[in-house]
1. Could you tell me what percent of the accessible area of segment 15-76 is made up of carbon and sulfur, with a 1.4 Å probe and every protein chain present?
2. Want the number for Leu41 to Lys68: 0.36 nm per residue separation, take away the alpha-carbon distance, what's left?
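The values are calculated or read from the model by the stated rules, or taken from the named source; none is laboratory data. Values in this document were obtained by computation on a predicted structure and should not be read as measured data. Accessible surface areas use protein heavy atoms only, side chains included; no ligands, DNA or RNA. Shrake-Rupley method; radii C 1.70, N 1.55, O 1.52, S 1.80 Å.
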Amino acid sequence: MAENEVKKVSRLKKSGQGIVKLYKEVKAELKKVIWPNRTQLINNTATVLIFCLIVGAIIWVADFGFTKLAEVVFTR
């Protein structure tokens, strides 16, 4: 086989190598993640839930206000 000839590799073998490479890269990246401890997780979850309740209340008040405004405008 001459030096300048390209060695043919099947698509199946290439895709298998790609999957293995992807798995290794994902595993390496997950090792870099700083996972929260239990206290941080509880605090962050509580913060998100409280924020969701506040935003939900704001949307509810706005919806109620626009409903009443629409009733006043369209019933006259």
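1. Ligands and nucleic acids excluded, carbon and sulfur reach 72 percent.
2. 5.7 nm
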